Amino acid sequence: MTRKCLTLFCLGLLLFTVSAAKAARIDTLSVESPKMKKNIEVLVIVPDQCKASAPCPTVYLLHGYGGNARSWLKLKPELPQMADADGIIVVCPYGENSWYWDSPLQTGSQFETFVSSELVNYIDSHYPTVADRRARAITGFSMGGHGGMWLSIRHKDIFGAGGSMSGGVDIRPFPDNWDMKKQLGEEAANQGRWDAHTAINQLDRLKDGDLAMIIDCGTEDFFYDVNLKFHQALAERGIHHDFISRPGVHNEAYWNNSMDYQWLFFKKFFNGYRDTPVK
């Protein structure tokens, strides 16, 4: 090896070592839920640059039906690099098959309270976050897309931005799917309850400017029609939002791509608080 090649090799090795030393940390937690009286697994990605002296915004990512706290890292392996590059903490809770409701039937399935209150309070007290809605966003895919809309709309004092990727934003056309009847009871006998627990029926809580919103769904997805209606309902109310529709089905390849768009959306949203720092 020539002296020049050796120098370049050593420089490359040094850069790799420095880069590796600054990689985002991945924590796997067991977070207590007092309301459910059990611990919930949560994965947290913490960029090296996030410190008490330089706190970071937070994105909460919700998995779909049958998923777990690690689903997002499997779906988007580059999340730690994205988090590190942009200084964003990522929180991925295990939501069981809850649809992120506080179930009126299952005392052990109170995930609206867990994610929007118990978990947010835990993360803000244990990590260098900016504890402000202007620096907090939530999104997810499929069941998690419903959760992203359900929780951000109902808790816009907690989340300043909400998203959905291929989300089940209106559950009522699917009364026999994905264990929802375990949470709400049979739809035919509990229509009022089903009406009250679907994200599209939460839109009257919003006025324009309350929430930064991004909705994304593929045109061949079985949830496309309800997402299109959700978009139209927002437009009819004069609520500004981003709506992305492109060819695609209900699968991981689509969500991997969706995350790039939503990450950019949230990054730009967070720039608002960075331009006017929280006091």
Inset, instruction - Looking for whichever is in contact (Cβ under 8 Å) with a residue 40 or more places away in the chain and either surrounded by fewer than 20 Cβ atoms within 10 Å (Cβ to Cβ) or touching an Asp or Glu at 6+ places or on another chain (Cβ under 8 Å) (or both) here; the options are ARG193, ARG246, ARG237. Which one fits? - result: ARG193
Inset, instruction - Output the number of residues of the range 104-119 satisfying the condition of being buried (at least 19 other Cβ atoms within 10 Å of the Cβ), over 14 Å from the mean Cα position of the chain (by Cα) and among the hydroxyl-bearing types (Ser, Thr, Tyr). - result: 1
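Here's the yes/no breakdown for (1) exposed (fewer than 14 other Cβ atoms within 10 Å of the Cβ); (2) modelled with pLDDT of 95 or more; (3) closer than 23 Å to TYR254 by Cα; (4) in contact with an Asp or Glu (Cβ under 6 Å, 6 or more places away or on another chain):
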site: MET1; (1), (2), (3), (4): yes, no, no, no
site: PHE16; (1), (2), (3), (4): yes, no, no, no
site: ILE26; (1), (2), (3), (4): no, yes, no, no
site: SER33; (1), (2), (3), (4): no, yes, no, yes
site: TYR60; (1), (2), (3), (4): no, yes, yes, no
site: GLY66; (1), (2), (3), (4): yes, yes, yes, no
site: ARG70; (1), (2), (3), (4): no, yes, yes, no
site: MET82; (1), (2), (3), (4): no, yes, yes, no
site: ASN97; (1), (2), (3), (4): no, yes, yes, yes
Inset, instruction - Determine if the range 167-175 includes at least one residue that is surrounded by fewer than 18 Cβ atoms within 10 Å (Cβ to Cβ), over 23 Å from GLY87 (Cα atoms), free of Cβ contacts under 8 Å to residues at least 24 places away in the same chain and not aromatic (Phe, Trp, Tyr). - result: yes
Legend entry - Members of the range 49-78 found to be under 9 Å from CYS92 (Cβ atoms), touching a Gly at 6+ places or on another chain (Cβ under 6 Å) and part of a loop (DSSP other than H, G, I, E, B), listed by number: HIS63
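The values are calculated or read from the model by the stated rules, or taken from the named source; none is laboratory data. Small disclaimer: the values here were computed from a predicted structure and weren't measured. We place every Cβ from the backbone using ideal geometry, glycine too, and count neighbours over all the protein chains shown.
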